[in-house]
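Participant: Let me give you the structure first, and then I'll get to my questions.
The values are calculated or read from the model by the stated rules, or taken from the named source; none is laboratory data. Everything numeric here is computed off the predicted structure, so don't read it as measured data. Neighbour counts are summed over all protein chains in view; Cβ atoms, including those assigned to glycine, are modelled from backbone coordinates with ideal geometry. When the accessible area is computed, the model is the full protein with side chains, heavy atoms only, and any ligands, DNA or RNA have been set aside. Shrake-Rupley method; radii C 1.70, N 1.55, O 1.52, S 1.80 Å.
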Amino acid sequence: MTTLSDEPQDPQTHTRWSAIVSNHVFWVVIATVVACVLLSIVTSTFATSQNLFNVTRNFAFVALVALGMTAVIITGGIDLSVGSTIGISGIVLAVVMNAGWPLWAGIGMALLTAGLVGLVNGILIAYLDMQPFVVTLGMLSVARSLAMVISNNRTIFDFGPGGNSLLALGGGSFLGVANPVWFLLVFAVIFFVAFVWSRWGRYVYAVGGNRQAANLTGVPVRAITCSVYVICGLMAGVAAILEVGWLGAVTTGLGTGDELRVIAASVVGGTNLMGGIGGAFGTVVGAALIEVIRNSLILLGVNSFWQGTFVGSFIILAVLFNRLGGDRRGE
Amino acid sequence: MPDRPIAPSRPAEPFLTLADIRKTYPGVVALSRFSMTVAPGEVIGLVGENGAGKSTLMKVLGGIVAPDSGTITIDGVPHEALDVAESIGAGIAFVHQELNLFDNLDVAANVFIGREPRKAGWLNLVDTDKMRAMVAPLLERIGANFRPDTPLSSLSLAQRQMVEIAKALSMKARLVILDEPTSSLPIAETEKLLDIIAGLRADGISVIFISHRLHEIERAADRVVALRDGALAGTLAREEITHDAMVKLMIGRDLKAQVRASSVRAGKVILRARGVQTNAHPGKPVDLDMHRGEILGLAGLVGAGRTELACTFFGVDPMLAGVLEFDGTPLALGSAADAVARGIFLVPEDRKSTGLLLDMSIAENVSLPDLRSYSRRMIVSRQRETAAAARQQAELDIRAARLSVAAKTLSGGNQQKVVLAKWLSMKPRVMIFDEPTRGIDVGAKAEIYRLMRRLADAGVAVLMISSDMEEVIGVSDRIAVMHEGAITGVLAPEEFSEENILLLAVGRNLTARAIA
């Protein structure tokens with residue numbers, strides 16, 4: 001309808017303040033702060049340095065992968081294989097180091113594995129035009145099964161001569177903050193810069209905003225689409241290395257079901273599953289909010305069986321919230 | 001046109017009367033003191049530039065917005081406002097520019113969607129046979145050449161419009177509002193639609209026909225109602241309806257249509273196609289030369305393969321066979337990016353779905369095809385892209401509050417300018433325009449024609465795909481005509497005529513007489 005779009009925007013409705021209030025991420029931040037304040041009042045255990053240390057470390061693993069997932073979702077895709085990617089790269093790391101190789105070799109092989117998983121996803125999706133949902137669903141099964149094949153389905157605790165440095169990397173802390181949180185900080189800044197200022201970021205939003213238009217404008221749509229799956233895979237690899245170092249042991253079940261929490265973090269943080277919308281800051285806050293809620297259930301003594309109900313409901317609520325908050329994209 | 005039937009004598013009582021309608025949006029008066037009547041069986045041509053208030057008027061009639069003041073009288077019953085159900089109940093039916101049909105259903109199901117006849121019994125199943133039997137006579141009435149059980153997905157755009165009209169008839173419509181029905185139709189199908197309008201009229205059904213194609217209004221309308229800046233600019237009785245009179249009412253001044261300016265000799269060939277075959281029409285090789293400094297019109301019916309040919313030149317569609325030469329050297333295009341790198345640009349037909357990223361800002365849209373030159377290492381310089389966009393804004397007169405506003409907030413004409421801006425900020429050598437003025441108002445059309453001419457004068461080869469005869473003849477330096485994937489002829493200016501184009505478009509050869 002031409003007339004409506006011809007109307008000039010009323011400048012008064014677009015002040016900085018109203019822009020903030022209408023922003024999804026703003027409300028996620030508010031919700032996180034409110035939840036933290038309430039928990040501090042209601043429980044004596046939340047605002048302890050030990051609990052906060054655990055909470056931040058726990059959400060760091062999810063948030064690291066969610067940063068990559070956000071890139072995928074902005075292009076309008078989805079990666080269901082991240083949990084299995086964490087599993088297989090954790091296993092590769094463990095097997096390589098168990099065989100006596102040093103830490104760098106283990107990390108290198110873990111990242112290579114994670115990147116390869118992402119590359120296979122990316123090629124199938126970007127160059128063979130297959131549906132992301134189907135490809136990564138298949139990969140979820142394939143990568144998990146390969147992890148079992150590689151490790152012969154055993155639990156590995158012995159990381160060889162480099163074991164101590166691996167445990168220090170994932171389990172240690174610096175200035176009272178767990179190492180994974182520092183990693184998250186660094187990657188969050190990198191992703192933030194990439195999304196907001198880089199050419200790659202611009203292309204990612206363009207592909208998700210309108211694939212056809214991006215293609216007709218000369219954007220390298222296929223290469224960009226492929227790149228986000230590789231990056232998402234690599235982030236799963238990074239998370240796997242840190243998580244293995246923290247746990248001190250690897251089973252082939254590592255990362256099982258993480259895809260749900262990762263996608264939840266991204267979506268709760270304002271990433272639109274239709275593509276084109278999302279950001280690094282929102283993703284980190286989304287991951288934090290989910291972990292705080294999860295932590296509160298534990299502290300309040302709610303049976304841990306309920307966790308899935310809450311995480312799942314949160315995804316649904318976040319999407320609902322997005323719609324009610326005026327999802328102005330599809331008009 | 002000579003074969004118009006004589007207007008039947010009408011009852012004095014109008015079907016619909018709008019009196020003193022006013023509608024404002026924050027900061028904008030969309031309609032003010034607007035009055036009009038619609039008599040039964042009357043065909044009203046509604047004209048006005050984009051933003052003149054046509055859409056608001058349609059929303060008032062459709063019950064989507066309520067006017068701030070004024071009355072709507074239907075069959076003598078006054079209403080302050082209509083709601084959607086009242087509008088439908090009164091027999092007002094819309095055929096929108098963007099059709100509201102279901103591709104995965106057949107014709108009958110589309111006509112009766114939501115109102116399907118049911119079988120008896122507790123399951124209340126849809127009575128498909130009855131539904132098809134009810135649709136058949138409607139299709140016959142409008143002369144449709146498809147059946148109630150034809151899948152919608154196999155129909156052309158023109159046939160889909162007929163489905164919409166059949167739907168309107170099935171709802172016992174008394175007023176059918178056609179919003180830009182011909183803007184995407186080629187000549188032959190447009191004729192058909194004008195016939196259908198005449199048929200509705202003969203049955204006593206009123207029609208409001210909104211179009212930017214004035215010569216169609218000239219042919220179809222009993223009366224023209226022109227809107228300008230939300231107010232009634234004037235009405236024209238049947239005998240007063242001329243192209244110039246309508247333009248004058250719409251824009252409030254005289255405007256001579258931009259015509260072919262140059263007798264300038266075209267420059268050397270920049271893009272040469274030899275034996276090019278596209279996916280859409282394999283086995284139909286195309287030879288075509290595009291010269292620097294020339295506007296080459298590409299005419300033909302919808303489905304003739306014009307857009308597919310353009311997409312092949314732009315690297316989006318694969319070239320099955322043949323060679324492309326660019327500036328004397330063979331050209332292999334793997335993607336649009338390859339074409340863009342050489343200065344071959346495409347302005348697609350549907351700017352909303354393929355031309356622009358609606359959620360991105362004007363500046364971001366302008367810089368997108370050439371992002372590399374706006375960035376150092378991997379970081380994009382917002383300052384540089386804003387500066388470039390500002391230059392284009394001044395050059396093309398893009399009306400927007402700021403360059404940071406999303407493209408979706410702009411009007412159609414301004415969106416089209418943003419699409420142009422993104423290419424003009426680079427160095428175009430070949431510009432392909434696919435239906436560049438579809439749905440754009442008269443004033444903005446003239447601007448686009450001037451711009452194409454300026455590009456040509458600057459040595460760019462311009463290819464203009466257009467289904468608008470007036471435009472093809474008025475703007476092109478040469479006209480190539482396609483029929484079913486093949487080029488059936490290339491006309492020089494002295495051969496330009498609607499008849500010649502039409503003959504070639506339906507695959508006939510030009511006889512010596514037709515050329516003379």
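Participant: Could you tell me whether A:F187 is assigned to a helix (DSSP H, G or I), surrounded by fewer than 23 Cβ atoms within 10 Å (Cβ to Cβ) and more than 14 Å from every other protein chain (Cβ to nearest Cβ)?
Facilitator: yes
Participant: Of the residues B:A394, B:A389, B:A339, which is under 25 Å from A:Y127 (Cβ atoms) and not basic (K, R)?
Facilitator: None of the others qualify; the one that does is B:A339.
Participant: Restricting to the stretch B:338-352, give me the number of residues that are at the interface with chain A (Cβ under 8 Å from one of its Cβ atoms) and surrounded by fewer than 18 Cβ atoms within 10 Å (Cβ to Cβ).
Facilitator: 1
Participant: Sticking with this structure for a sec: Does the stretch B:392-404 contain at least one residue that is open to solvent by 10 Å² or more (accessible area, probe 1.4 Å), assigned to a strand (DSSP E or B), in contact with a strand residue (DSSP E or B) (Cβ under 8 Å, 6 or more places away or on another chain) and under 24 Å from A:V193 (Cα atoms)?
Facilitator: Among the residues of the stretch B:392-404, not one is open to solvent by 10 Å² or more (accessible area, probe 1.4 Å), assigned to a strand (DSSP E or B), in contact with a strand residue (DSSP E or B) (Cβ under 8 Å, 6 or more places away or on another chain) and under 24 Å from A:V193 (Cα atoms), which makes the answer no.
Participant: Identify all residues within the stretch B:297-316 that are within 11 Å of chain A (Cβ to nearest Cβ) and without any contact (Cβ under 8 Å) to a residue 60 or more places away in the chain; write none if there are none.
Facilitator: Listed by number, the residues that qualify are B:C311, B:G315, B:V316.
Participant: State whether the residues of the stretch B:37-53 include one that is at pLDDT 90 or above and open to solvent by 50 Å² or more (accessible area, probe 1.4 Å).
Facilitator: Within the stretch B:37-53 (the criterion being at pLDDT 90 or above and open to solvent by 50 Å² or more (accessible area, probe 1.4 Å)), the answer is yes, since at least one residue qualifies.
Participant: Then there is this: Can you find, within the stretch B:456-473, the residue that is least open to solvent (accessible area, probe 1.4 Å) among those that are assigned to a helix (DSSP H, G or I) and either farther than 20 Å from B:L309 by Cβ or charged (D, E, K, R) (or both)?
Facilitator: B:E471
Participant: Then there is this: Scan the stretch B:158-198 residue by residue and report those that are closer than 22 Å to B:R132 by Cα and in contact with a helix residue (DSSP H, G or I) (Cβ under 8 Å, 6 or more places away or on another chain).
Facilitator: Residues satisfying the conditions are B:A158, B:R160, B:Q161, B:M162, B:V163, B:I165, B:A166, B:K167, B:L169, B:S170, B:M171, B:I196.
Participant: Within the stretch A:155-166, how many residues are open to solvent by 70 Å² or more (accessible area, probe 1.4 Å) and either in contact (Cβ under 8 Å) with a residue 12 or more places away in the chain or of a type in the set (V, I, T) (or both)?
Facilitator: 3
Condition check ((1) in contact (Cβ under 8 Å) with a residue 12 or more places away in the chain; (2) on the phi > 0 side of the Ramachandran plot; (3) basic (K, R); (4) within 8 Å of chain A (Cβ to nearest Cβ)) across all residues:
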site: B:T354; (1), (2), (3), (4): no, no, no, yes
site: B:L358; (1), (2), (3), (4): yes, no, no, yes
site: B:A363; (1), (2), (3), (4): yes, no, no, no
site: B:L368; (1), (2), (3), (4): yes, no, no, yes
site: B:S373; (1), (2), (3), (4): no, no, no, no
site: B:R376; (1), (2), (3), (4): no, no, yes, no
site: B:Q392; (1), (2), (3), (4): yes, no, no, no
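Participant: Still on this structure: Any idea which of B:I88, B:I64 is surrounded by 13 or more Cβ atoms within 10 Å (Cβ to Cβ) and part of a loop (DSSP other than H, G, I, E, B)?
Facilitator: Criteria check complete, one pass: B:I64.
Participant: Between a first residue in the stretch A:314-331 that is at negative phi and within 14 Å of chain B (Cβ to nearest Cβ) and a second residue that is in a helix (DSSP H, G or I) and modelled with pLDDT of 80 or more, which pairs have beta carbons less than 8 Å apart while being 6 or more apart in sequence or on different chains?
Facilitator: Pairs found: A:E331/B:K408.
Participant: Checking the structure you have, find out if any residue of the stretch A:225-234 is out of contact with any Asp or Glu (no Cβ under 7 Å at 6 or more places or on another chain), more than 14 Å from every other protein chain (Cβ to nearest Cβ), touching a residue at least 24 places away in the same chain (Cβ under 8 Å) and farther than 30 Å from B:S373 by Cβ.
Facilitator: Yes - at least one qualifying residue is present in the stretch A:225-234.
Participant: Let me ask something else about it. Can you work out which of the residues in the stretch B:148-160 that are modelled with pLDDT of 90 or more and in a loop (DSSP other than H, G, I, E, B) is nearest to the chain's Cα centre (by Cα)?
Facilitator: If we take residues in the stretch B:148-160 being modelled with pLDDT of 90 or more and in a loop (DSSP other than H, G, I, E, B), then B:T150 is nearest to the chain's Cα centre (by Cα).
Participant: May I ask you to verify whether B:G334 is closer than 15 Å to A:V221 by Cα, more than 26 Å from the chain's Cα centre (by Cα) and more than 9 Å from chain A (Cβ to nearest Cβ)?
Facilitator: Yes.
Participant: Here's another thing I want to ask about it. Check the stretch A:207-215 and report whether any residue there is more than 9 Å from chain B (Cβ to nearest Cβ), of a type in the set (D, E, K, R) and part of a helix (DSSP H, G or I).
Facilitator: Within the stretch A:207-215 (the criterion being more than 9 Å from chain B (Cβ to nearest Cβ), of a type in the set (D, E, K, R) and part of a helix (DSSP H, G or I)), the answer is yes, since at least one residue qualifies.
Participant: Restricting the search to the stretch B:287-325, which residues are in a strand (DSSP E or B) and open to solvent by 20 Å² or more (accessible area, probe 1.4 Å)?
Facilitator: B:D287, B:D289, B:H291, B:M319, B:L320, B:A321, B:G322, B:V323, B:E325 - these are the residues of the stretch B:287-325 that are in a strand (DSSP E or B) and open to solvent by 20 Å² or more (accessible area, probe 1.4 Å).
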